[in-house]
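Enquirer: Can you read through this structure? Questions will come right after.
The values are calculated or read from the model by the stated rules, or taken from the named source; none is laboratory data. Being a predicted model, the structure only gives us computed values, none of them experimental. Note that each Cβ is placed from the backbone with ideal geometry, even for glycine, and that neighbours are counted across all protein chains shown. With ligands, DNA and RNA removed, areas are computed over all heavy atoms of the protein, side chains included. Shrake-Rupley method; radii C 1.70, N 1.55, O 1.52, S 1.80 Å.
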Amino acid sequence: LLLARREGGLARYARLSRALLWGAALLFAALYAWIRSAGAPPAVAPGVRDWEAATVHLLSFLRDPWMQTAGYSLLCVGYAALLVVVVTAPAGAWIGRAFEWRALRRIGEVSYAMYLLHVFIALVTLSFFTPGFYPDHYVLAQLAYWAIVFGVTYGLARASWALFEAPILRLKARFPY
């Protein structure tokens, strides 16, 4: 970190990175809003249940060509800029302290299991929302939906860590590298 904060290191990109971070975030939000407002829900085949149709509509923006090109590119720029901003922040700065937060470290500990589980849990959770009340239409329903998805995903990932991953990692001491 000390090298990153030096004038010849990443520090020279700190100001540009802050601007890129805000710019990418604003452009991504605008793109997301535009994609969501641009069209009607995609057509679904006859016989498809309401929750399946809701799932198709909820996740349809991920298949949008604008999202797959500009959207994901903006996310990459934003995350790269965030990384530079955090690494070059002065010692004790709020953003550095925010990324040292214990809760974030705990999430990082189980992040791979969360990555593996989140789509399945999101789809299963969506099936519990009534057809006229699925998260795409109501802000409170969407907040409740994502809180449930995050909580269940984190809980299962933490259980996987405790019951599966941590015991296997403890075996490393028995096998020299």
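Enquirer: So the check is Cβ under 7 Å with 6+ separation or different chains; which pairs have a first residue in region 62-75 that's closer than 15 Å to Ala30 by Cβ and a second one that's open to solvent by 40 Å² or more (accessible area, probe 1.4 Å)?
Expert: Sorted first by the residue in region 62-75, then by its partner, the pairs are Gly71/Phe28; Leu74/Leu27; Leu74/Phe28; Leu75/Phe28.
Enquirer: Quickly run through region 69-97 and pick out the residues that are open to solvent by less than 60 Å² (accessible area, probe 1.4 Å) and part of a loop (DSSP other than H, G, I, E, B).
Expert: Those that are open to solvent by less than 60 Å² (accessible area, probe 1.4 Å) and part of a loop (DSSP other than H, G, I, E, B): Ala89, Gly92, Ala93.
Enquirer: Any residue that is modelled with pLDDT under 95, among the aromatic types (Phe, Trp, Tyr) and surrounded by 15 or more Cβ atoms within 10 Å (Cβ to Cβ) - is there at least one of those in region 139-152?
Expert: Yes, region 139-152 contains a residue that is modelled with pLDDT under 95, among the aromatic types (Phe, Trp, Tyr) and surrounded by 15 or more Cβ atoms within 10 Å (Cβ to Cβ).
Enquirer: Against the condition modelled with pLDDT under 90 and surrounded by 15 or more Cβ atoms within 10 Å (Cβ to Cβ), how does Leu58 come out, does it pass?
Expert: Here the answer is yes, as Leu58 does meet what is asked.
Enquirer: Which residue pairs have Cβ atoms under 7 Å apart, sit 6 or more places apart or on different chains, and have a first residue in region 156-168 that is within 13 Å of Tyr112 (Cα to Cα) and a second that is open to solvent by 60 Å² or more (accessible area, probe 1.4 Å) and in a helix (DSSP H, G or I)?
Expert: Trp161/Glu109
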